[in-house]
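**Student:** I'd like to ask some things about the structure below.
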Amino acid sequence: MELGERLPGDPPLPAELRAALDEWSAFSTAVAGGGRPEDVDLLRRRGRQLASRVADVLGRPVEFVDPVTGAIETVRVSPVGPIPRLAVETPGPVPWTTGLTVAAFVAVLVGFTDIVLSNGFAEAFGLLWIPANLLVGFGLAPTLWLVHDMPFWRWPALGTAVGLGVGWVVLLLGMLG
């Protein structure tokens with residue numbers, strides 16, 4: 001992309017904007033010579049976006065030259081500032097029945113696995129199953145916390161937490177009797 005002439009009072013362009021312009025320029029040489037229509041459309045839209053960002057940084061209108069047709073378009077400083085992000089769609093209702101079914105399945109699977117592996121570890125290494133089980137629990141905790149807000153993954157996270165908790169209770173009660 002050609003930036004045209006620089007005026008004496010123009011501020012320098014940020015490094016990330018300069019890198020984006022260089023990337024767009026390389027893409028434009030590849031697409032302008034006969035790319036697919038959707039690539040050409042993407043090229044034009046991205047070029048206008050970058051020209052708008054340059055106009056915002058420089059504080060004055062800039063000219064955008066379409067690399068395919070050669071048409072010149074004046075891009076003005078945006079009056080409202082940066083382009084606002086689109087609102088994220090609100091999720092639908094929480095699928096409690098399906099979610100709790102998934103959580104219960106995962107809880108049984110994790111609890112059973114924890115009990116079987118801990119018992120096997122206890123037979124081979126004695127009470128070393130306790131720090132090993134703690135390591136598993138503390139190792140899973142950050143991952144479970146990170147996914148507890150994701151629409152689907154909250155259910156397996158809940159099931160894993162419940163399964164480990166029940167497994168611990170069963171193992172500790174097994175030590176008593």
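**Student:** Which residue out of 53, 36 is modelled with pLDDT of 80 or more and either of a type outside the set (Ser, Thr, Tyr) or in contact with a His (Cβ under 9 Å, 6 or more places away or on another chain) (or both)?
**Tutor:** Exactly one of 53, 36 is modelled with pLDDT of 80 or more and either of a type outside the set (Ser, Thr, Tyr) or in contact with a His (Cβ under 9 Å, 6 or more places away or on another chain) (or both), namely 53.
**Student:** May I pose another question? What do you reckon, is residue 126 among the small types (Gly, Ala, Ser) and in contact with a Leu (Cβ under 8 Å, 6 or more places away or on another chain)?
**Tutor:** no
**Student:** Follow-up. Say we look at segment 75-107 and pick out the residues that are among the hydroxyl-bearing types (Ser, Thr, Tyr) and modelled with pLDDT under 80; which of these is nearest to residue 39 (Cα to Cα)? Lay out the reasoning, then the answer.
**Tutor:** Restricting attention to segment 75-107, the residues satisfying the condition of being among the hydroxyl-bearing types (Ser, Thr, Tyr) are 78, 90, 97-98, 101.
Those still in the list that are modelled with pLDDT under 80 too: 78, 90.
Numbers: 78: 25, 90: 31 Å.
Restricting to residues being among the hydroxyl-bearing types (Ser, Thr, Tyr) and modelled with pLDDT under 80, the top hit is 78.
**Student:** Step by step: first the residues of segment 41-57, then only those that are out of contact with any strand residue (DSSP E or B) (no Cβ under 8 Å at 6 or more places or on another chain) and of a type in the set (A, V, I, L, M, F, W, C), then the one that is farthest from residue 18 (Cα to Cα). Which residue is that? Working first, answer last.
**Tutor:** Narrowing segment 41-57 to residues out of contact with any strand residue (DSSP E or B) (no Cβ under 8 Å at 6 or more places or on another chain): 41-46, 49-50, 53, 56-57.
Retained after the next criterion (residues that are of a type in the set (A, V, I, L, M, F, W, C)): 42-43, 50, 57.
Values: 42: 19, 43: 17, 50: 10, 57: 11 Å.
Step by step, filter segment 41-57, then rank; the result is 42.
**Student:** Is there a residue being within 26 Å of the chain's Cα centre (by Cα), surrounded by 10 or more Cβ atoms within 10 Å (Cβ to Cβ) and in contact (Cβ under 8 Å) with a residue 40 or more places away in the chain anywhere in segment 124-139?
**Tutor:** No: segment 124-139 contains no residue that is within 26 Å of the chain's Cα centre (by Cα), surrounded by 10 or more Cβ atoms within 10 Å (Cβ to Cβ) and in contact (Cβ under 8 Å) with a residue 40 or more places away in the chain.
**Student:** Could you tell me which residue of segment 22-52 is farthest from the chain's Cα centre (by Cα), considering only residues that are among the charged types (D, E, K, R) and over 20 Å from residue 62 (Cα atoms)?
**Tutor:** It comes out as 36.
**Student:** Quick check: is even one residue across segment 111-120 under 25 Å from the mean Cα position of the chain (by Cα), hydroxyl-bearing (Ser, Thr, Tyr) and assigned to a helix (DSSP H, G or I)? Walk me through it before giving the result.
**Tutor:** Keep residues of segment 111-120 that are under 25 Å from the mean Cα position of the chain (by Cα), which gives none.
No, segment 111-120 contains no residue that is under 25 Å from the mean Cα position of the chain (by Cα), hydroxyl-bearing (Ser, Thr, Tyr) and assigned to a helix (DSSP H, G or I).
**Student:** Just checking, which of 171, 109 is surrounded by 12 or more Cβ atoms within 10 Å (Cβ to Cβ) and in contact with a Ser or Thr (Cβ under 8 Å, 6 or more places away or on another chain)?
**Tutor:** Result: 171 is the single residue among 171, 109 that is surrounded by 12 or more Cβ atoms within 10 Å (Cβ to Cβ) and in contact with a Ser or Thr (Cβ under 8 Å, 6 or more places away or on another chain).
The values are calculated or read from the model by the stated rules, or taken from the named source; none is laboratory data. None of these values were measured; they are calculated from a predicted model. Glycine gets a Cβ as well: all are built from the backbone with ideal geometry, and neighbour counts include every protein chain shown.
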